[in-house]
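Asker: Below you'll find the structure I mean.
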Amino acid sequence: MVLFMERLQKYISESGYTSRRKAEELILKGKVKVNGSVVKELGTKVTDADLIEIDNQILRKQEHSYFLLYKPRGVISSVTDDKGRKTVCDLVKSEKRVFPVGRLDYDTTGIILLTNDGELSNILTHPKHDVTKEYYAKVKGFFKKEDALTLSSGILLNGKKTKKASFKLDRYDKKTDVSYVKVVITEGRNHQVKDMFNALNYDVEKLKREKYAFLDLSGLKSGEYRELSLKEVKKLYSLK
Ligand code: URA
């Protein structure tokens, strides 16, 4: 048997335990043992013959699973919730320890990926890879052209300028005084779309993520999910 040497943090993320960045934090905090000894060196090389433990749990490499879920409202995008609310992981029946890639707010609906592949999750959520996310927002009032231009070219949010984006009015309903806006962003800051609208005094009444990279919700109803094909997974890897 050929044993491949791999960096410890990569090995941990590939086991599906957590992302590579979180694995690095755990190593630096002294939470990771290799063959019974705590290892704090990020560059440490390991193979399948080594025994890796985190908080006394033995890590095993597992096969990867990839799911695309149509997240309903009122579901939290995490593995567990201390308030006992339903999570996206409760909706996906898998024997693997899958976790959501990035997050959607509790009241946001739409596409979210779940996987146990920490490596791919890392690629998709890293800001340098500019993965596009398309949203459809229902906002109170008439969404002005000049505000669309301002938001598209970038505004300061928590002291940092947002990257170039696309905000376009799809339609305005005079009767109810609401605008429907198509939004495309490449970042994934917390509450980013809502915060951007709020910065120009628009209240977001509903938000749905319709596309994640090249993936959409075709064929799925709210709460339903499907596995990604190998071709789709490869295409996601190629976004690196
Ligand atoms: N931006 C938001 O404000 N909320 C989401 O759920 C996703 C993007």
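Throughout, read-outs are computed from the coordinates displayed, never taken from laboratory work. Here the structure is a predicted model, which is why all the values come from computation and not from measurement. For neighbour counting, all protein chains shown are included, and Cβ atoms are generated from backbone atoms with ideal geometry for every residue, glycine included.
Asker: If you keep only loop residues by DSSP, which trypsin sites (Lys or Arg not before Pro) in the stretch 169-221 have at most 14 other Cβ atoms within 10 Å of their Cβ?
Answerer: Working: sites: Arg171, Lys174, Lys175, Lys182, Arg189, Lys194, Lys206, Lys208, Arg209, Lys211, Lys221; in loops: Lys174, Lys175, Arg189, Lys221.
Hits after loop and neighbour filter: Lys174, Lys175, Lys221.
Asker: Also, I was wondering about something else. May I ask which of Lys31/Lys86; Lys138/Lys164; Lys33/Lys235; Lys31/Lys194; Lys45/Lys164 have a Cα-Cα span longer than 31 Å here? Could you put the intermediate results ahead of the total?
Answerer: On the way: Lys31/Lys86 29 Å; Lys138/Lys164 21 Å; Lys33/Lys235 34 Å; Lys31/Lys194 37 Å; Lys45/Lys164 39 Å.
Flagged as over cut-off: Lys33/Lys235; Lys31/Lys194; Lys45/Lys164.
Asker: Moving on to the next point. At a Cα cut-off below 18 Å, give the aspartates and glutamates reachable from Lys133, other chains included and same-chain residues fewer than 8 away excluded.
Answerer: Within reach: Asp105, Asp107, Asp170, Glu187, Asp195, Glu210, Asp216, Glu232.
Asker: Give the calculated FRET efficiency between Leu239 and Arg97 to the nearest 0.05, with a Förster radius of 35 Å applied to their Cβ-Cβ distance.
Answerer: On the way: r = 24 Å, r/R0 = 0.68.
Efficiency, from the Cβ-Cβ distance: 0.90.
Asker: Let me ask something additional. Tell me, what is a quarter of the convex hull surface for the C-alpha atoms of the chain, in nm² with one decimal?
Answerer: On the way: hull surface 61.2 nm².
In nm², the orientation-averaged hull projection of the chain is 15.3.
Asker: Which FRET efficiency value, to the nearest 0.05, is calculated for Glu53 and Asp173 with the Förster distance at 35 angstrom and r the Cβ-Cβ distance? Working shown, then result.
Answerer: Numbers: r = 57 Å, r/R0 = 1.64.
Plugging the Cβ-Cβ distance into 1/(1 + (r/R0)^6) gives 0.05.
Asker: For the chain, what relative contact order do you get, as a whole percent, if you take Cα pairs closer than 8 Å and at least 6 residues apart? Let's see the in-between values first.
Answerer: Numbers: 478 pairs, mean separation 48.6, N = 240.
Relative CO of the chain lands at 20 percent.
Asker: Shifting gears a bit: What list of ³J(HN,Hα) values in whole Hz, one per residue of the stretch 142-152 in order, does the Karplus curve 6.51 cos²θ - 1.76 cosθ + 1.60 (θ = phi - 60°) give from phi, with Gly and Pro shown as x?
Answerer: Karplus-based 3J(HN,Hα) across the stretch 142-152 equals 8, 8, 6, 4, 5, 6, 4, 5, 4, 5, 5 Hz.
Asker: Hey, any idea what Rg/Rh is for the stretch 118-210, computing Rh the Kirkwood way over Cα pairs? Before the final figure, lay out each step's value.
Answerer: On the way: Rg = 13.6 Å, Rh = 13.7 Å.
Ratio of gyration radius to Kirkwood radius for the stretch 118-210: 1.00.
Asker: Give me Rg over Rh for the stretch 105-171, both radii from the alpha carbons and Rh done the Kirkwood way, two decimal places. Before the final figure, lay out each step's value.
Answerer: Numbers: Rg = 14.9 Å, Rh = 14.6 Å.
With Rh from the inverse mean 1/r over Cα pairs, Rg/Rh is 1.02.
Asker: Still on this model: Between Rg and the Kirkwood Rh of the stretch 51-101, both from Cα atoms, what is the Rg to Rh ratio?
Answerer: On the way: Rg = 13.2 Å, Rh = 12.8 Å.
Answer for the stretch 51-101: 1.04.
Asker: Quick one: compute a quarter of the convex hull surface over the Cα atoms of the stretch 157-223 and quote it in nm².
Answerer: Values: hull surface 24.1 nm².
Directional mean of the projected Cα hull area for the stretch 157-223 stands at 6.0 nm².
Asker: Equivalent-ellipsoid semi-axes (√(5λ), Cα gyration tensor) for the stretch 197-239, whole Å, largest first? Walk me through the numbers on the way to the answer.
Answerer: Numbers: eigenvalues 168, 50, 7 Å².
After diagonalising the Cα gyration tensor, the semi-axes are 29, 16, 6 Å.
Asker: Which trypsin sites (Lys or Arg not before Pro) from the stretch 97-162 combine a DSSP loop assignment with at most 13 other Cβ atoms within 10 Å?
Answerer: Details: sites: Arg97, Arg103, Lys128, Lys133, Lys138, Lys140, Lys144, Lys145, Lys160, Lys161; in loops: Arg97, Arg103, Lys144.
Answer by residue number: Lys144.
Asker: Let me ask you something else. Would you work out the relative contact order for the stretch 1-122, in percent, from Cα pairs under 8 angstrom that are 6 or more residues apart?
Answerer: On the way: 236 pairs, mean separation 34.7, N = 122.
28 percent.
Asker: OK, next. Using DSSP to define loop residues, name the trypsin sites (Lys or Arg not before Pro) in the stretch 33-94 whose beta-carbon has at most 16 other beta-carbon atoms within 10 Å. Could the numbers behind the result be given before it?
Answerer: On the way: sites: Lys33, Lys40, Lys45, Arg60, Lys61, Arg73, Lys83, Arg85, Lys86, Lys93; in loops: Lys40, Arg60, Lys61, Arg73, Lys83, Arg85, Lys86, Lys93.
Answer in residue order: Lys40, Arg60, Lys61, Arg73, Lys83, Arg85, Lys86, Lys93.
Asker: To continue, here is another question. For labels at Tyr106 and Glu146 in the simple 7 Å Cα→Cβ model, what's the distance in nm?
Answerer: Modelled inter-label distance: 3.7 nm.
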